[in-house]
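The structure under discussion appears below in the form of structure tokens.
The values are calculated or read from the model by the stated rules, or taken from the named source; none is laboratory data. Not measured: the values here are computed from a predicted model. Methodologically, a virtual Cβ is constructed for each residue, glycine included, from the backbone with ideal geometry; neighbour enumeration extends over all protein chains shown. Just the protein is used for accessible areas: all its heavy atoms, side chains included, with ligands, DNA and RNA removed. Shrake-Rupley method; radii C 1.70, N 1.55, O 1.52, S 1.80 Å.
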Amino acid sequence: MNQYQTVADDDTVLRDGTIKLHGPEAFEGMRRAGKLAAEILDELVPLVEPGVTTGALDDAVRQLTLDGGAMPATLGYRGYAHSCCISINHVVCHGIPSDKTLKEGDIVNIDVTPLLDGWHGDSSRMYLVGDVPLKARRLVDVTYECLMLGIEQARPGNRLGDIGAAIQRHAEAHRYGVVREFCGHGLGRLFHDAPEVIHAARPGTGPELKPGMFFTIEPMINLGKPAVKLLSDGWTAVTRDKSLSAQFEHSIGITEEGCEIFTLSPRGLHKPPYA
Ligand code: MF3
Ligand code: CO
Ligand code: CO
């Protein structure tokens with residue numbers, strides 16, 4: 001069976017586990033959804049301050065998403081009731097917005113996914129709350145470098161494993177742990193689709209990258225060991241050793257020449273410090 005499928009740019013949503021190869025109209029749809037995701041993350045920069053609740057940030061994400069003509073894809077997704085995920089310090093991913101307040105020294109990931117005209121723009125960035133210790137800032141910097149080194153491998157002819165290999169190599173050179181339990185994913189008309197994009201892999205393994213593939217790269221990197229555990233709320237993933245964890249996420253499309261990053265910040269706010 002062919003694991004790839006060239007899809008028409010109509011509104012058909014195929015949940016058949018094939019890797020979709022999209023055309024120009026789909027690129028245009030992803031460009032708009034990705035740009036909105038990036039604009040929302042840009043708008044959050046001045047709001048991430050000591051004392052703000054993660055619930056207030058979630059309210060802002062919901063409003064910014066609606067103002068952009070989109071819906072937060074997480075709202076109602078598998079029973080999730082919020083407009084984004086906010087993961088603080090040792091929370092690896094899927095932190096649930098609440099009345100918890102941010103405090104000086106926290107490192108925070110905010111992950112947004114506007115669904116605009118049927119297309120998903122999925123992106124996350126780290127934010128620093130006030131003064132953050134050097135060790136934590138280094139983790140954030142290296143995690144951003146991991147994402148970008150992974151993206152550098154995203155071109156036709158390379159394999160998916162080349163992306164994970166580049167990420168793992170860089171993270172482990174800094175003695176950080178690469179989370180295995182959560183992966184990047186195909187997306188487009190679906191929020192989570194084939195292929196699974198693993199962030200620790202052997203070079204030259206996995207499906208070949210072809211023009212028209214859309215997927216996220218979203219490495220979660222721990223200051224300590226890679227192991228995570230799920231809290232009893234069924235969503236929040238934390239590091240087992242309680243070490244800090246960081247993550248950045250972009251949505252990309254493979255082109256003839258390499259790739260297009262759909263979720264680049266229009267204001268150049270790629271990584272902290274944003275001031
Ligand atoms: N945005 C996350 C991702 O990068 C998924 C969040 S699903 C939720 O894939 F339900 F936890 F919000
Ligand atoms: Co994602
Ligand atoms: Co995401």
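Could you tell me the relative contact order of the chain? Use alpha-carbon pairs under 8 Å, at least six residues apart, and round to a whole percent. The partial results should precede the final answer.
Numbers: 713 pairs, mean separation 61.3, N = 275.
Here the relative contact order equals 22 percent.
Excluding residues fewer than 8 places away in the same chain, name every one of the lysines whose C-alpha is closer than 18 Å to that of residue 210.
20
Return the inverse of the average 1/r over all pairs of distinct C-alpha atoms in the stretch 118-173, which is the Kirkwood hydrodynamic radius, in Å to one decimal. Display every interim value, and only then the final one.
Numbers: mean 1/r = 0.0768 Å⁻¹.
Kirkwood radius, the stretch 118-173: 13.0 Å.
Which FRET efficiency value, to the nearest 0.05, is calculated for residue 63 and residue 103 with the Förster distance at 22 angstrom and r the Cβ-Cβ distance?
FRET efficiency, residue 63 to residue 103: 0.35.
So what is the calculated 222 nm ellipticity per residue for the chain, using -39500 (n - 2.57) for each DSSP H run with n of 4 or more, over all residues, to the nearest 500 deg cm²/dmol?
Details: 4 runs with 68 residues, N = 275.
Value at 222 nm, helices only: -8500 deg cm²/dmol.
If you take every residue apart from residue 145 with its C-beta less than 12 Å away from the C-beta of residue 145, what net charge results, scoring Lys and Arg +1 and Asp and Glu -1?
Spelling it out: positives minus negatives among the neighbours equals +1.
With Cβ to Cβ distances under 11 Å as the rule, what net charge do the other residues near residue 74 carry (K, R +1; D, E -1)? Let's see the in-between values first.
Details: positive: 62, 78; negative: 58, 111, 122.
Net charge in that neighbourhood comes out at -1.
With the cut-off at 25 Å, tell me which of the pairs 100/229; 35/135; 135/229 have Cα atoms farther apart than that.
Cα-Cα > 25 Å for 35/135; rest within.
Taking just the alpha carbons, could you work out the radius of gyration and Dmax for the chain, both in angstroms?
Computed over the Cα atoms of the chain, radius of gyration and Dmax are 17.4, 54 Å.
Rank these by accessible area, largest first, 1.4 Å probe: 62, 138.
Numbers: 62 75, 138 125 Å².
Sorted descending by solvent-accessible area, the residues read 138, 62.
Can you figure out the FRET efficiency of residue 71 with residue 227, using R₀ = 45 Å and their beta-carbon distance, to the nearest 0.05?
On the way: r = 34 Å, r/R0 = 0.77.
Rounded to the nearest 0.05, the efficiency is 0.85.
Return the carbon/sulfur percentage of the accessible area of the chain, one whole number, probe 1.4 Å, all protein chains in place. Numbers along the way, then the final one.
Details: 6060 of 11950 Å².
The nonpolar share, carbon plus sulfur, comes to 51 percent.
For a quick check of understanding: with a 1.4 angstrom probe and all protein chains in place, what accessible area in square angstrom does residue 271 have, to the nearest ten?
Accessible surface of residue 271 is approximately 80 Å².
So how exposed is residue 135, as accessible area in Å² (1.4 Å probe, rounded to 10)?
My reading of the accessible area for residue 135 is about 130 Å².
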